[in-house]
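Undergrad: This is the structure I want to talk about, given as structure tokens.
Since every read-out is calculated from the coordinates, none of them should be taken as a lab result. Just so it is clear, the structure is predicted and the values come from calculations on it, not from any experiment. Here Cβ is always computed from backbone atoms with ideal geometry, including for glycine, and neighbour counts include all displayed protein chains.
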Amino acid sequence: MVAWRALRAEWTKLRTVPSTGWTLLALVLSTAAIGALVTWDLEPPNCDRSDPACDFDLTKLSLSGVYLGQAAVIVVAVLAVTAEYEAAMIRTTLAACPRRLVVLAAKAVVVTVSVVGAATVSVLASLLAGREFLSHNGFTTVAGYQPLSLEDGPTLRAYGGTVLYFGLVALLSLGIAFVIRHTGGTVTILLVLLYLSPLVSLAVTDPRWKEWIEQVSPMTAGLSIQSTLRLDSLSISPWSGLGVLALYTAGALAAGLLLFRLRDA
């Protein structure tokens, strides 16, 4: 009963914040729009299809919008926590539900379900747009390209894994928000954590260091779940990469819960 009341309270708080709906809409539009733009302007390579370098990973390209869409996920998850601290409403929340684990779990469930719902819409829109534009541009079965379809195992894994990726980013953001308790600081840390390591990887020339950075980077490793071609050339396998992001998320939630109990007792 306590858990159910906490869920209802967190859902009410999240849905009554005007920015929540707009930010989730931004998640859907940015993810789908960028994926559509990438596939809309793509043409079949003018080279021998037997050369792996000439074959595009069309599934991954159709999901290019995830790089921007995850920023909206960060904002939704962070504000679900820091807005209460900055408005001093966390005291009211803890007075109504003193059990810290229940409060954190309720926020995690509500935020994750909301993000996963929006993410599902966004990746399905990316699939439909990519399928239409790629076919129109010459990526047809006659030319040797299979249309994007969830009936294909690797494609289903890429799209389903992308939804899971969004959910893990939401939980990671939530955990760090409980640690930092400040909107600007939390968003900055998350942007650096997700976006900096891929940029460093591009600048590193030593292949061993480059591979290591890609293996421990939460975004690069996590988004390996989108790859459907040349998996042997990846620094980390798709599911292992998503597991790396899950480890970051578990650590952030554990730290957030610990500090939530110690500082807000």
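Undergrad: Quick one: putting +1 on the C-beta of Lys and Arg, -1 on the C-beta of Asp and Glu, what dipole do you get for the chain around its Cα centre, in Debye to the nearest 20?
TA: So the magnitude is around 1500 debye.
Undergrad: Now for a separate question. What lysines could a cross-link reach from Lys210, if we take a straight Cα to Cα line under 30 Å and drop same-chain neighbours fewer than 8 places away?
TA: Qualifying lysines at Cα under 30 Å: Lys60.
Undergrad: Follow-up question, since we're still on this one. When the helices in the chain are scored as -39500 (n - 2.57) per DSSP H run of 4 or longer and the sum is shared across all residues, what 222 nm value do you end up with, to the nearest 500 deg cm²/dmol?
TA: On the way: 11 runs with 198 residues, N = 265.
Theoretical 222 nm ellipticity from helices: -25500 deg cm²/dmol.
Undergrad: Express the relative contact order of the chain as a whole percentage, based on alpha carbon pairs under 8 Å and six or more residues apart in sequence.
TA: Relative CO of the chain lands at 23 percent.
Undergrad: Please give the peptides 159-172, 191-204 ranked by average Cβ packing (other Cβ atoms within 10 Å per residue), highest first, as a rough proxy for protection.
TA: Most protected by this proxy first, the peptides run 159-172, 191-204.
Undergrad: Only helices at least 27 Å long along their own axis, judged from Cα atoms, and with Kyte-Doolittle mean hydropathy of 1.0 or greater: name those in the chain from DSSP H.
TA: 18-40, 66-86, 100-136, 153-180, 183-203, 238-263
Undergrad: Additional query: Which of the trypsin sites (Lys or Arg not before Pro) found in region 221-265 are in a DSSP loop and have at most 16 neighbouring Cβ atoms, other than their own, within 10 Å? List each step's numbers first, then the result.
TA: On the way: sites: Arg230, Arg261, Arg263; in loops: Arg230.
Of the trypsin sites (Lys or Arg not before Pro), the ones in loops of region 221-265 whose Cβ has at most 16 other Cβ atoms within 10 Å are Arg230.
Undergrad: OK, next. Which GluC sites (Glu not before Pro) in region 64-171 pass both tests, a DSSP loop state and at most 13 other beta-carbon atoms within 10 Å?
TA: Glu151
Undergrad: Please give the length that would be gained between Arg261 and Asn137 if that part of the chain were fully extended, namely 0.36 nm times their separation in residues minus their C-alpha to C-alpha distance (nm, one decimal). Show your work: numbers first, answer last.
TA: Numbers: separation 124, 0.36 × 124 = 44.64 nm, distance 5.58 nm.
Gain on extension, Arg261 to Asn137, equals 39.1 nm.
Undergrad: Turning to a different aspect of this structure: So what is the diffusion coefficient of the chain in µm² per second by Stokes-Einstein at 10 °C and 1.306 mPa s, using a Kirkwood Rh over Cα pairs?
TA: 81
Undergrad: Which of the trypsin sites (Lys or Arg not before Pro) found in region 60-102 are loop residues per DSSP with 16 or fewer other Cβ atoms within 10 Å of their Cβ?
TA: When the trypsin sites (Lys or Arg not before Pro) of region 60-102 are filtered for loop state and at most 16 Cβ neighbours within 10 Å, Arg99 remain.
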